[in-house]
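Contents: one structure, followed by commentary.
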Amino acid sequence: MKRGGQFEISAMVTDVADHLVDERELLQVSEALDSLEKIEASLAEIVDLKFFCGFSFAEIAAMQGVSERTVQRKWEKARLYLHRTIRADLSS
Amino acid sequence: MPRFDPDWWRSITPYLDEALGIPLEERGGWLSSLREKNPDLAHHIETLLEEHQVLASEGFLEGQPTAPLTSPAVAGDTVDAYRLIAEIGRGGMGSVWLAERSDGRFERQVAIKFLNFALAGRGGAARFKREGTILGKLSHLHIAELVDAGVSAWRQPYLVLEYVDGAHIDQYCDEHTLEVQARLRIFLDVLAAVAHAHANLIVHRDIKPSNVLVGKDGQVKLLDFGIAKLLQPEVQAASPTLTREAGGALTPEYAAPEQLTGGAITTATDVYALGVLLYVLLTGRHPVGEGPCSAAELVKGIVEVEPPRASTAIGESSAGQLSEVRALKRSTTPTKLGRLLRDDLDTLLAKALKKDPGERYISVVAFADDVQRYLGRETISARPDTLAYRASKFVRRNRIAVALGSLASVAVIAGSVGTLVQARTARRERDFARRQLLRAEAINDLNFFLLSDASPSGKPFTVNDLLTRAEHILERQGSTNNLNRVDLLISIGREYLSEDQDGKARAVLEKAYASSRSLTDQSARARASCALAPVLARAGELVRAESLIQEGLAELPEIPDFIPDRVFCLLFGSQVARTGVNTREGIARDQAAQKILTSSPFDNDVLQLRIAMDLAESYRENGQFGEAVPAFQQAAAHLSLLGRDETETAGTLFNNWALTLDLLGRPIDAEPIYRRAIEISRANQSDEGVSPMLLINYAGTLRQINRLDKAAKYAEQGHTKAQQAGYQVAINQSLLSLARIYRDQGDFARAKAMLAQVEPRLRKALPPGHYAFAALASDRATIALKEGDYNRALQFANQALAIDEAAIKSGGLGKGLYPLLFDRRSKIELPMGRAPEAEADATRALGLLQPNTQPGEFSSIIGQVHVDLGLAQQAQGKLTEAAAEFRSGAEHLQKTLGADHPEARRAVQLSQTQALPQQP
């Protein structure tokens, strides 16, 4: 975990992910996420948790006190938003 | 493709939500019915849904943002002067290679650890090397040497470490079936290594069995001090040089609570990890619990749950067999192992594993000392938690368990978001995480003043920022969990109120109240009602405030479960009553709270302290100084019981306590308490941190005990500080205090100048007729008297009395001053040859003062009046009466000002000369 100043490593379980997301895409996702946060913050938060922090739907649902299904639906919507935004940015 | 339009997105969002909630096979029908109503919209949604299908099949964002930075190293490669032999380990942080020097200059093998970090910026590599060099200076028998640090040709940073061929410490101990004593002795070597690093200002931050190896020779070696954070501020200030890009779930098994909640990482962080390590070594299990659990559970356990005692933990294992095995590995039986761990080792572990870093062993050396003492069969220094402490923890847990449950997760989320900030927008998110966390820590403490201590009042911006953030986050969370939300809103509202941000406090507390109306939970409903009341009272809405308190109290069933809530409501009720200047009712409510708390199982020091402080303040506000002093004393005792007598709360408490003693005419008793208050604020912050008001109060006491030069010094210092801070009330106080000091020093011109300066300021700040103007006139009278201008003095004295009388009649303050004004007029009347008037005034003063004084209590004010009365009687030839007054006066003054004080000496002299004629 990053705690400012210096670098720090905590024990990680890195189940090597199937899909690696490349750096450029990461940056685009970041930016799109910032705009999503302005429109629907709760969606952005789920992306933070799922994509960047690696929490499962069940864990996110427990944290937010909502059903897993709700989290999943929000995730799908967020994903759609992000994809749209990134594609629009690329084509413009 | 047109540029993406957020407004368009917003407009279709409700339909999209609906569509996504519909099972796949029913979407076709839903779409057709939409198409009939709004073909355009249906088309958009349909396109989106199709896109969604593609995304799902492509697995868009399904992976983790893992960096492409995996070591391309292969055996035979050379890195710097080293040839890689074989990969011997791989983990989240990178890969580890066994290597040897390629130039054959040394036989020695090394381990090269490639780190999965991308170096940020062009200076990154240089900085990494420089910091590596600092770490390389760490040389200790039990620390694996850091030989070198560098950056590979493919820009991956690496560390060259002494190669240790050994087993993880826990495995080693188990394999050798080491008994508890032997395990402790090995552990002492670990402690020695960490202590050495700490002495070099290096914190390990990642102590865990895999970083503590034991070689075949039985020597302990600590690895990975390379990740330590250097404690030097300038290094700390340098922004992160390395960027972590590895993803994956966190398993922070050995992380201290503050690492998860974003607190400061200090040597205490290592103490905690060492505690976990020892716990594992002694019991075979992790303090948080058995078996696999999710990251969220683990984090919750670390931040929130007190670990079971080691002695009970060994038997706790569901499978009895497991306990057997664990005991066997320690060459003993479960029963014997339990007995061995009970008491001292339990206490020792509990101390190392405290949630609050400040409560842990102050250093690794202190930790080691206790282990040594245990091995030497001496008494260890750590003390088991007292029952009161446990009880307070219990109440705290019960009260906030719910709130904390969600909050801890929020904190972790925030922390984790902070973790990945580098992939996102760095600084903003990190600050967010940190503040979130501060908040989480703050909420950990039930009591309001404890919260204030956690966020020093000297930095209102920080607290404010924090609150705004917290509020924002709550909003973002939405109304998914109203019970938590209400509790959190209450906490935030109370914090705002303590920052005197009434407007914000009110908005938040109103929100909490409104949310609570939809709940059935009685304690949440009651707390929301009662918490809203004080801010309304402060805004003058006393009727609604009082009815909210009544409403809250009525909500609570009269059963023990609700005692904490009842106490909560009574304390808020006390605040409301006092704001409505019904101090008596305030006191009654505090007393009621004290009573039910004391007789309940929830009794705890923290709440008792809060009540004692409230009571003391209420008494003081009500002019019941005699009652206030023991209440202050009690509060101070609670404070030190809680180990909080070095906090700002303590500083304030001591100041108010001393002030009360001052008002009781006991400056000699007040002086050391003021001094203590000043010491506390100095220790807490810097010299600058001492409140100007405190300095000015202290100056006032010093003046009374005739240490005029020192008094002038403190008052002037207080004045300067008050001016710097723009603290108007303190500026006024300092001017009044300086006027009195200069007057006593005989510098009347300067004294008058001070009064001339303060008068317009007071006129601006206070309503006309405020008793402060009586005090001002009285000060002028005293100066005129000293200058020998009796007529003018009398004029001022009369004016002072008139103002004060009117102030009291109209319900204002000024009762305390009233008797003094009579005494001062008496002092003027006497040299004017009006002895009978002087006697009458002094008698009046005494009559007003005495009822408030218990027999056996002494006061410099009363002493002074006795002397003045005696003088007036003496002038009229009433020698016997006068002698009695002088004797009383001498006694009071000696006890309260000290025998050497000129006033006390004069009184003694008078009583002796007056006694002479009675001698045969």
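The values are calculated or read from the model by the stated rules, or taken from the named source; none is laboratory data. None of the values given here were measured: they were computed from a predicted structure. Note that we place each Cβ from the backbone using ideal geometry, even for glycine, and neighbour counts take in every protein chain shown. SASA here: full protein model, heavy atoms, side chains in, ligands and nucleic acids out. Shrake-Rupley method; radii C 1.70, N 1.55, O 1.52, S 1.80 Å.
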_When a/c reaches 1.5 or more, the comparison of a/b and b/c decides; with that in mind, is region B:158-198 rounded, prolate or oblate per its Cα gyration tensor?_
oblate
*Report the calculated FRET efficiency for residue B:35 and residue B:322 (r = Cβ-Cβ distance, R0 = 60 Å), to the nearest 0.05.*
0.40
*With the contact rule set at Cα under 8 Å and sequence spacing of 6 or more, what percent relative contact order holds for region B:797-890?*
22
*Given charges of +1 on the Cβ of Lys and Arg and -1 on the Cβ of Asp and Glu, with all other atoms neutral, how large is the dipole of region B:496-577 about its Cα centre, in debye to the nearest 20?*
200
_32 Å Cα-Cα threshold exceeded, pairs from A:38/B:511; B:713/B:815; A:50/B:37_ = A:50/B:37
*Using Cα pairs closer than 8 Å and at least 6 residues apart in sequence, work out the relative contact order for region B:512-562, in percent.*
36
_region B:779-850 - charge dipole about Cα centre, Lys and Arg +1 at Cβ, Asp and Glu -1, debye rounded to 20_ = 100
*asked:* Can you tell me which lysines have their Cα less than 27 Å from the Cα of residue B:329? Leave out same-chain residues fewer than eight positions away.
replied: B:208, B:216, B:221, B:351
*Can you give the charge dipole size of region B:520-636 about its Cα centre, rounded to the nearest 20 debye, using +1 on the beta carbon of Lys and Arg and -1 on the beta carbon of Asp and Glu?*
240
*Using a probe radius of 1.4 Å on protein heavy atoms only, what is the accessible area buried between chains B and A, both sides summed, to the nearest 100 Å²?*
7100
*At a Förster radius of 25 Å, what calculated FRET efficiency corresponds to the Cβ-Cβ distance of residue B:87 and residue A:72, to the nearest 0.05?*
0.05
